[in-house]
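Okay, structure first, notes after.
The values are calculated or read from the model by the stated rules, or taken from the named source; none is laboratory data. Note that this is a predicted model, so its numbers are computed, not measured. A quick note on method: Cβ atoms are made from the backbone with ideal geometry, for glycine too, and the neighbour counts reach across all protein chains shown.
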């Protein structure tokens, strides 16, 4: 192993529904563990464009022509240059760990790598490290540029190939990303091959979820087994494998137990990997162990405060247990990371409704409509708000609620049970109006009878008075 190949962050891997991101700095001695796991689907801050406009990876001829020379150059680097490079990595690591750490928006360390080593024996490594720092700062385009600079120095440099593939996957360029991951495998970048198989498995997994083609789950499992055969410590592979077993378990408790076992194996590899805890939380939920699920979700966000899915899961449990303040805090944590997150926006509406802030609840639902006007959830929740909470003296709120429930019932993607509930509510509102009309009739009849009774009483009193006057002795 060439101990000069030092990296600052592991190669990105997306894993749907697990959530979270793992980034760590490794020394040259741990070079074979190059693998990063960002386990959330399209929640890494990038916009999926799905137009496959990403650049293609280097050609096989280009890799073959330059990779060996670049590797040889790194091997022949002077002891001083090697030591200086390692010293810069160590200094960066110390700066991250020492309070107050490196601010999230401080990208200056990227320049330190490229200015000192961007043209030498460690050019590929230096530009790669700069790219990981820039990506961590949210400067994705600049990070892409640095990864490409790394490939100019060494077209077969596995970490840069993997991270570029991951960037393009996050942008929705799925087929192009696959080409990059295939290139990692072909380039014999052994330390990155496991990560490439993980990413290819993720693509199969996402396509299986989107298309319903369960055979793709089997292909994903096969790729993950290859990844684990290459690197048995690949916690990202364990994480996705557990997620697949969970996803396909349905109500099969044995498969849920298998998913839990894989999570256990992943924790033995790395007990600080947040997505494992999120999956364990989902498994507990399916087993009706809500308390256990909440504990796992909270552990996930403790390990990774930017773990969107875990925050959403905590919020959902808090809503179900009527802990509306706690739910609002979880959804606000998501919105601080992703201001346009639809689920958190709707969740805030539900939480505000529970807190009896009905006008605020409606504002959040209206904002959700701006984010996704075709989503069926909004009309259902607004219907509940108008029917049960935003009451008016003339009962116009019920008419509005009924209109919203009819809109929801006509939505082709609406949940079947909720459609049944909406239709029941429509009927209840009809029955309410019928009862109101009946009550009005009864009140009118009662009033009429009262008036008639009063008229007759008055008439009787007048007749009695006349009789008394007639019976009185004359003076």
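List of remarks:
- Flag set for residue 65, criterion: out of contact with any helix residue (DSSP H, G or I) (no Cβ under 8 Å at 6 or more places or on another chain), more than 16 Å from residue 160 (Cα to Cα) and modelled with pLDDT under 80.
- Residue satisfying condition, being at pLDDT below 95, surrounded by fewer than 24 Cβ atoms within 10 Å (Cβ to Cβ) and closer than 16 Å to residue 123 by Cβ, within set 152, 139, 178: 152
- Residue selected from segment 233-250 under the condition in contact (Cβ under 8 Å) with a residue 24 or more places away in the chain and not in a helix (DSSP H, G or I), by the criterion nearest to residue 200 (Cα to Cα): 234
- Yes/no for residue 255 being in a helix (DSSP H, G or I), more than 30 Å from residue 358 (Cα to Cα), more than 15 Å from the chain's Cα centre (by Cα) and assigned by TED's automatic domain parsing to the domain that holds residue 220: yes
- Segment 95-109: number of residues that are part of a helix (DSSP H, G or I) and either under 15 Å from residue 129 (Cβ atoms) or touching a residue at least 12 places away in the same chain (Cβ under 8 Å) (or both): 4
- In summary, residue 410 fulfils each of the numbered conditions (1) farther than 30 Å from residue 440 by Cβ; (2) modelled with pLDDT under 95; (3) in contact with a helix residue (DSSP H, G or I) (Cβ under 8 Å, 6 or more places away or on another chain) with the single exception of condition (3).
- Some residue of segment 56-79 being without any contact (Cβ under 8 Å) to a residue 24 or more places away in the chain, assigned to a loop (DSSP other than H, G, I, E, B) and either closer than 21 Å to residue 149 by Cα or not assigned by TED's automatic domain parsing to the domain that holds residue 137 (or both): yes
- Pick from segment 227-252, criterion closer than 12 Å to residue 286 by Cα and more than 20 Å from the chain's Cα centre (by Cα), ranking: surrounded by the most Cβ atoms within 10 Å (Cβ to Cβ): 249
- Residue check, residue 323 touching a residue at least 24 places away in the same chain (Cβ under 8 Å) and surrounded by fewer than 21 Cβ atoms within 10 Å (Cβ to Cβ): no
- Hey, residue 265 modelled with pLDDT of 95 or more, surrounded by fewer than 23 Cβ atoms within 10 Å (Cβ to Cβ) and in contact with a helix residue (DSSP H, G or I) (Cβ under 6 Å, 6 or more places away or on another chain) or not: yes
- Restricting the first member to segment 414-431 and to residues that are in the same structural domain as residue 395 (by TED's automatic domain parsing), and the second to residues that are surrounded by fewer than 17 Cβ atoms within 10 Å (Cβ to Cβ) and part of a helix (DSSP H, G or I), the beta-carbon pairs closer than 7 Å and six or more apart or on different chains are 426/406.
- Among the conditions (1) in contact (Cβ under 8 Å) with a residue 12 or more places away in the chain; (2) farther than 30 Å from residue 182 by Cα; (3) part of a helix (DSSP H, G or I), residue 127 misses just one, which is (2).
Here's the yes/no breakdown for (1) assigned by TED's automatic domain parsing to the domain that holds residue 123; (2) surrounded by 21 or more Cβ atoms within 10 Å (Cβ to Cβ); (3) assigned to a helix (DSSP H, G or I):
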position: 161; (1), (2), (3): yes, yes, yes
position: 167; (1), (2), (3): yes, yes, yes
position: 198; (1), (2), (3): yes, yes, yes
position: 205; (1), (2), (3): yes, yes, yes
position: 213; (1), (2), (3): yes, no, no
position: 219; (1), (2), (3): yes, no, yes
position: 225; (1), (2), (3): yes, no, yes
